[in-house]
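The values are calculated or read from the model by the stated rules, or taken from the named source; none is laboratory data. Just so we're clear, the structure is a prediction, and the values are computed from it rather than from any experiment. Here the Cβ positions follow ideal geometry from the backbone for every residue, glycine too, while neighbour counts run over all protein chains shown. For the accessible areas, the whole protein counts, side chains as well, though only heavy atoms, and no ligand, DNA or RNA atoms are used. Shrake-Rupley method; radii C 1.70, N 1.55, O 1.52, S 1.80 Å.
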Amino acid sequence: MNAVFTGIGLILLAVVAALPARGDAYLFDLGAADSALREGFTRVTPETIYSDDRGFGWRTDEGLTARVRAWTGEVENASRGTTEPPPIYTNAITEDVIMGDNEGEFVARVPPGRYWVYTLSGVSERMSSQHFDFTVGVGEAEARVQIEGGYRYEKRLLETAAEGGQITVRFVPRNLWLANAILIWPVSEDAKVRQEIIEPLERETFLLPPEEWAKWSEEPHVDDAPFPDIPAADERRGYLIHRRHYLEPVYPNTVPLAHTLNPSLRAFASPGEYEPLTFTVYPLRELKAIRVEVSDLRSRGNVIPAEQIDVRRVRYMLARPNYRVLHTYREVPDVLEHFDALDLAAKVNQRFWLTVHVPEDAAPGTYTGEAKFVVPGVEATRVPITLRVLPIRLREDPDKIYGIYYRHPYDRMASAPDEVSREYFRRKAELEHADMLAHGTRNVTLSAWCPPADEDGNFAFNFDLLAEKLSLWRKYDFKPPIVMGINTGGVYRKHMGESYGSHLRTVKDPPQAFCDELTAMVKTLEAERKQRGWPEFLYYPIDEPGRSEEAVQFMIKVLKAVKAAGVKSYLTADPTHEAFQPFRPYVDVWCTQPFDPDRETILADTRERGAQYWCYPNHVAGENDHTPVAGARMTYGFGFWRSGFRTLIPWIYQANIGDPFNYLDGSAMDFMNRSGPDGTPIPVTLWEAYREGYDDYRYIYTLEQLIAEAANAGQPRAKGAAKRAEEELRSVWDAIEVQTKYKYDDLWAPEEFDVYRWVVASQILELQQAMK
């Protein structure tokens, strides 16, 4: 009996010894037979079926396919006439993938013991209408994986025991699963494997390959302030808590100032308003598994529940200093993420961003509560919170529009290959519209793309899809008019046999048939709009035309063709630039990046021609920089008030080039809001500043309306209060240093924004009292 057992044991040991391993780690590169193979890994293809001789492989190849797309060097951009970085850089692991639409099981024979199992999943092709949703599991452990489209990768780490000398990795799809690599190693070897194998792989996958990373250099943030004396109690607990105003970015190395230590958080707000509160922890040593907890806010018998306080951490991102800049980066505070337990590195600031949503029915009063910073094994630190709720109902100005450029998920939904993906994009659009509404944004650009006319002159618009978009628009009470993009480029390509290039770089003079077809396209769309009772469309034929003579002459033809359909036109161009003056007779809405022309010019042109002026302030949208938070608030509130412009409509709600959480890959930088795996919006600091500017404007508009009402009330007390309020409001107006672009320079100090809002709010309270 002993001899038989010994023989079987020797056979098992021989099989295990034959398995691919690097030290005690079992490393599998999943993909195609002809793709690159990572050093130290063993290739696994859909045809790699498990056998006792092999000791690893799939239980079955049913439903398995492999895809390959390597990105290793620059690619051509024909529209711009340049070469540029690829959307992502791949490595031998990420360039190929195995997918399955049935449950897949990968089996590896290993010695008995406890193991970590690591999977990496993603696809290097665009696949923008595909959402992957599956569960990966080993033993009793499992984790869900959700990935929108290509260019992004998700890792999962699970612990299990080798039952019967085997580990089985299960992939259970809701629609499709995918995997690039499976790594298995004993728990006892964890530190070594993570350092030697996992960390290099993740740097290449989630940042850049070593040879590309070597080209980049950092522009470090410099803070020369002297470090304060550390109180003995703070030294014992292992961290400092300090506070800067949320409009002031806190960098990893921002120095805590003595007067900012151990702060209290104070704010005022009106019912329905969202108000941010922040504090920052500076760890004196590494802190593990920290938490932030918040209490209810109470005022006598009234309560704002803790559930109304959204708690996030500010995530630092490596970001370019400008949209298309290469090889220079800064580490900047940007993404606002939810978290459970968090590890903090020593001497690196971690800011926490709390947003209080005051209920619509909140009673006026001073509410108090606290945030607790909790470190296991150390007494929690309490940060007091005081919120004054004002008896004010903020009003909306019906003549102002807060909009945003938008890539509608319904377009992805329409071309999605399965129901799981369609439902994901439908839900994502719903969540994003709700998020926009909560931030004061109630207008988005839309597209009614269709191919050029067929041989009979008919256009194949997807009007049902457009109707779904407009149904969602109405559900969230968005405000017209609607900027409607059309396929001018497709019509041009039909008649000219080529593209006109980015910003009309290579445009040529088209025949009259091009103009006639463009007019017919717009007429067809406009007729459907009227028939269905949709809101007014502003027709948007070309984005940011160039200034060359060829581009200008072409745009005159395009604008004439649009206007020939009896509709209003929308143009993104600088109305003050000499080259664009020939467009004036054909432009109903100018949309320009700065607040330019000035207020008096705008008001005069509006009176004379009915022209409107809209602004897309990209200088505070993350395209140029992720940190002008104060400039964003000024642009959206006090600056907008003084500008004379009707609408703010920045580019864009979400811009993704490659991996949406890697701002250094791709031809340009990702910016603005991010998305969670399930499509839930993840805000950035600039987006929150937009809302604060929107609220500034609502306070101003509410006061303006009350001044007018009080002046006409016929009550001496009310008229006197109205006069005083008008004087105070004028002082705020005069305190604004008017700029075409509010970004960093010549702005109020962060605290002054709240002071001026309080000046306005206090006058509202005075007027309300006087008019009783």
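Applying the selection to region 27-55, what residues are open to solvent by less than 20 Å² (accessible area, probe 1.4 Å) and in contact (Cβ under 8 Å) with a residue 24 or more places away in the chain?
Leu27, Phe28, Asp29, Leu30, Gly31, Ala32, Ser35, Phe41, Val44, Thr45, Pro46, Gly55
Within region 181-208, track down each residue that is within 26 Å of the chain's Cα centre (by Cα) and open to solvent by less than 20 Å² (accessible area, probe 1.4 Å).
Within region 181-208, Leu201, Thr205, Leu208 qualify.
Out of all the residues in region 220-236, which are among the charged types (D, E, K, R), assigned to a loop (DSSP other than H, G, I, E, B) and open to solvent by 90 Å² or more (accessible area, probe 1.4 Å)?
If the condition is that a residue be among the charged types (D, E, K, R), assigned to a loop (DSSP other than H, G, I, E, B) and open to solvent by 90 Å² or more (accessible area, probe 1.4 Å), then Asp224, Asp229 are the ones that fit.
Quick one: which residue in Pro511, Pro480, Pro417 is surrounded by fewer than 19 Cβ atoms within 10 Å (Cβ to Cβ) and closer than 23 Å to Pro398 by Cβ?
Just one listed residue meets the conditions, Pro480.
Mind checking whether some residue in region 716-726 is aliphatic (A, V, I, L, M), over 26 Å from Cys615 (Cβ atoms) and in a loop (DSSP other than H, G, I, E, B)?
no
What pairs come out if I take residues in region 456-475 that are under 17 Å from Arg422 (Cα atoms) and open to solvent by 40 Å² or more (accessible area, probe 1.4 Å) and pair them with residues that are modelled with pLDDT of 95 or more and of a type in the set (Ser, Thr, Tyr) whose C-beta lies under 9 Å away, six or more apart or interchain?
Glu468/Tyr410
Can you name the residue in region 86-109 that is in contact with a Pro (Cβ under 8 Å, 6 or more places away or on another chain) and not in a strand (DSSP E or B) and is also nearest to Arg152 (Cα to Cα) among such residues?
Tyr89
Would it be correct to say that Val348 is in a helix (DSSP H, G or I) and farther than 30 Å from Tyr540 by Cα?
No: the conditions fail for Val348.
Kindly indicate whether Thr680 is among the hydroxyl-bearing types (Ser, Thr, Tyr) and crowded, with 23+ Cβ neighbours inside 10 Å.
no
I'd like to check something: does region 336-344 contain any residue that is within 20 Å of His626 (Cα to Cα) and surrounded by 18 or more Cβ atoms within 10 Å (Cβ to Cβ)?
yes
What's the total number of residues in region 709-746 that are open to solvent by 20 Å² or more (accessible area, probe 1.4 Å) and more than 13 Å from Ile764 (Cβ to Cβ)?
25
Give the residue that is most open to solvent (accessible area, probe 1.4 Å), with candidates limited to residues of region 237-268 that are of a type in the set (Ser, Thr, Tyr) and either closer than 18 Å to His221 by Cα or in a loop (DSSP other than H, G, I, E, B) (or both).
Step by step, filter region 237-268, then rank; the result is Ser264.
Against the condition open to solvent by 30 Å² or more (accessible area, probe 1.4 Å), modelled with pLDDT of 95 or more, under 17 Å from Gly164 (Cβ atoms) and within 36 Å of the chain's Cα centre (by Cα), how does Glu105 come out, does it pass?
Considered against the rule, which asks whether it is open to solvent by 30 Å² or more (accessible area, probe 1.4 Å), modelled with pLDDT of 95 or more, under 17 Å from Gly164 (Cβ atoms) and within 36 Å of the chain's Cα centre (by Cα), Glu105 comes out as yes.
Among the listed residues Gly440, Gly457, which satisfies the condition of being under 20 Å from the mean Cα position of the chain (by Cα) and assigned to a loop (DSSP other than H, G, I, E, B)?
Residue meeting the stated conditions: Gly440.
For residues that are outside any loop (DSSP other than H, G, I, E, B) and open to solvent by 30 Å² or more (accessible area, probe 1.4 Å), scanning just region 298-311, find the one that is nearest to Arg244 (Cα to Cα).
Of everything passing the filter in region 298-311, Asp310 is nearest to Arg244 (Cα to Cα).
What number of residues in region 56-85 are out of contact with any Leu (no Cβ under 9 Å at 6 or more places or on another chain) and either of a type in the set (Val, Ile, Thr) or not in a strand (DSSP E or B) (or both)?
20
Of the residues in region 559-579, how many are out of contact with any Phe, Trp or Tyr (no Cβ under 9 Å at 6 or more places or on another chain) and touching a residue at least 24 places away in the same chain (Cβ under 8 Å)?
4
Counting just the residues of region 630-659 that are of a type outside the set (Phe, Trp, Tyr), more than 16 Å from Thr740 (Cβ to Cβ) and open to solvent by 10 Å² or more (accessible area, probe 1.4 Å), which one comes out nearest to the chain's Cα centre (by Cα)?
Looking at the filtered set, the residue picked out is Gln654.
Enumerate the pairs (first residue in region 274-297 and open to solvent by 30 Å² or more (accessible area, probe 1.4 Å); second residue anywhere and in a strand (DSSP E or B) and hydroxyl-bearing (Ser, Thr, Tyr)) with beta-carbon separation below 7 Å, excluding pairs fewer than 6 apart on the same chain, so at least 6 apart or on different chains.
Taking only residues 6 or more apart or on different chains, the pairs are Tyr274/Thr355; Leu284/Tyr239.
Got a number for residues in region 1-55 being at pLDDT 55 or above, farther than 21 Å from Asp96 by Cα and either in a helix (DSSP H, G or I) or among the hydrophobic types (A, V, I, L, M, F, W, C) (or both)?
Qualifying residue count for the region: 1.
Please tell me if Asp746 is at positive phi and out of contact with any Pro (no Cβ under 8 Å at 6 or more places or on another chain).
Yes, satisfied.
Given the residues Ala565, Ala561, Ala579, which is the only one that is under 30 Å from Gly631 (Cα atoms) and either at pLDDT 95 or above or surrounded by 15 or more Cβ atoms within 10 Å (Cβ to Cβ) (or both)?
When all the criteria are applied, what remains is Ala579.
Here are some conditions: (1) modelled with pLDDT of 95 or more; (2) open to solvent by less than 20 Å² (accessible area, probe 1.4 Å); (3) touching a Lys or Arg at 6+ places or on another chain (Cβ under 7 Å). Gly165 meets all but one. Which one does it not meet?
Status for Gly165: all satisfied but (1).
Can you pull out every residue in region 496-508 that is open to solvent by less than 70 Å² (accessible area, probe 1.4 Å), outside any helix (DSSP H, G or I) and within 18 Å of Arg547 (Cα to Cα)?
Ser499, Tyr500, Gly501, Thr506, Val507, listed by residue number.
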